[in-house]
1. Can you pull out every residue in segment 153-165 that is closer than 17 Å to LYS225 by Cα and open to solvent by less than 10 Å² (accessible area, probe 1.4 Å)?
2. Consider ASN228 against the criteria (1) open to solvent by less than 50 Å² (accessible area, probe 1.4 Å); (2) in contact with a His (Cβ under 6 Å, 6 or more places away or on another chain): it satisfies all of them except one. Which criterion is unmet?
3. Within segment 115-127, which residues are open to solvent by 10 Å² or more (accessible area, probe 1.4 Å) and either on the phi > 0 side of the Ramachandran plot or free of Cβ contacts under 8 Å to residues at least 60 places away in the same chain (or both)?
4. Could you grab me the full set of residues in segment 59-82 that are out of contact with any helix residue (DSSP H, G or I) (no Cβ under 6 Å at 6 or more places or on another chain) and either within 17 Å of LYS125 (Cα to Cα) or open to solvent by 60 Å² or more (accessible area, probe 1.4 Å) (or both)?
5. Could you go through segment 197-211 and let me know if any residue there is over 30 Å from ASN99 (Cα atoms) and open to solvent by 40 Å² or more (accessible area, probe 1.4 Å).
6. Pairs only if they're at least six apart or on different chains, beta carbon under 8 angstrom, first in segment 35-47 and more than 16 Å from TRP105 (Cβ to Cβ) and in contact (Cβ under 8 Å) with a residue 12 or more places away in the chain, second of a type in the set (S, T, N, Q) and not in a strand (DSSP E or B); list them, first residue then second.
7. Residues in segment 242-259: is at least one under 16 Å from PHE289 (Cβ atoms), at pLDDT 95 or above, touching a His at 6+ places or on another chain (Cβ under 8 Å) and part of a loop (DSSP other than H, G, I, E, B)?
8. In this structure, does SER287 turn out to be open to solvent by 20 Å² or more (accessible area, probe 1.4 Å) and at pLDDT below 95?
Amino acid sequence: MVVQENIPILRFLITVVSVVIVHASCNDHTHNANFRHDDKDRTYVLYTPEGLPENAPLVFVLHSYGRYAKDHLQSLQLNDVADSNKFVVCYPQGTLDVNTGSPYWNARLKNSTIDDVGFLTALAKHLQTEYHLDPNRTFVCGISNGGFMSYTLACESPDVFKAIASVTGTMSGYTWNHRGSTTLPSPVLQISGMTDEVVPIDGSMSTEHGWGGAPHMDIVMNYWKGFNKCTITDTLSTSSNIHAYHYKNGIHRNEVWYYKIEDFGHDLPTIDNSGLDSGKLIWEFFSKF
């Protein structure tokens, strides 16, 4: 029997325990892990929604320069989309740039020897086996520097990453100049801000350290449209400031989507800041393949 004066304490303890249980339940689907590659311990965050079926898709999210994997858990909000559509989301962590100490991806840059193509490819294969995921539905999206890396994976690891999405990224100079040798036709989604001064849409990014070198994004997307042998162009008017082009009917039914946002700079597009929900658009694109 509980005496009257202990009832407030009991209620407090019940509340604390309930909060802990709910918190633990929320974290059951997200965990941090290590992966050994090239004699280096690499890390990643993995989100697995409840009720995941066999052969579910796998989506990689590559962070921007100077950011960490955990940053995009909230900003891109892809986990909510994963809950509804039952796919796994992997947020790998890049290594630190020796010149600045900032996290980054080596999209074949001149000042790096880190093998991120090898790391991300090996990690994808590991997760496919460990979680019984569909190797034919493994995709990668990246923001800024992560977009650069996504294009490098499209060119060098297309047998593993079946489609890519780049948000405010482009192809590094090396990847653009060496495209074609190992590249296969792949679905590509590009989202660019038309007033982006960090990764300018006109291709005028500095070539220092191997970042710049790709031409205007229109030319880059024309390359992917032609490489995929797309024969149909749908021009969409999603809003007054967003110009969208869907190039369709490509080889293996591949498509190339190109979104240009007026008066928008180097940022992740959301409903609030641009009228475009990047997370939902990325999955809408990937889900076609």
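The values are calculated or read from the model by the stated rules, or taken from the named source; none is laboratory data. In this text, all values refer to a predicted model and were calculated from it rather than measured experimentally. Here the Cβ is made from the backbone with ideal geometry for all residues, glycine too, and neighbour counts use every protein chain on show. What goes into the accessible areas is simple: the full protein's heavy atoms, side chains included, and nothing from ligands, DNA or RNA. Shrake-Rupley method; radii C 1.70, N 1.55, O 1.52, S 1.80 Å.
1. First pass over segment 153-165, keeping only residues closer than 17 Å to LYS225 by Cα: 154-155, 158, 162-165.
Those that are closer than 17 Å to LYS225 by Cα and open to solvent by less than 10 Å² (accessible area, probe 1.4 Å): ALA154, CYS155, ALA163, ILE164, ALA165.
2. It is condition (2) that ASN228 fails.
3. We begin by selecting, within segment 115-127, every residue open to solvent by 10 Å² or more (accessible area, probe 1.4 Å); these are 115, 117-118, 121-122, 125-126.
Correct list: VAL117, THR121, LYS125.
4. Filtering segment 59-82 for residues out of contact with any helix residue (DSSP H, G or I) (no Cβ under 6 Å at 6 or more places or on another chain) gives 59-60, 66-75, 79-80, 82.
Across segment 59-82, the qualifying residues are VAL59, PHE60, ARG67, TYR68, LYS70, GLN74, ASP80.
5. Step one: filter segment 197-211 for residues over 30 Å from ASN99 (Cα atoms), giving none.
No: segment 197-211 contains no residue that is over 30 Å from ASN99 (Cα atoms) and open to solvent by 40 Å² or more (accessible area, probe 1.4 Å).
6. Within 8 Å, the pairs are TYR47/ASN79.
7. Yes, because at least one residue in segment 242-259 is under 16 Å from PHE289 (Cβ atoms), at pLDDT 95 or above, touching a His at 6+ places or on another chain (Cβ under 8 Å) and part of a loop (DSSP other than H, G, I, E, B).
8. On the way: open to solvent by 20 Å² or more (accessible area, probe 1.4 Å): yes; at pLDDT below 95: no.
Criteria not met by SER287.
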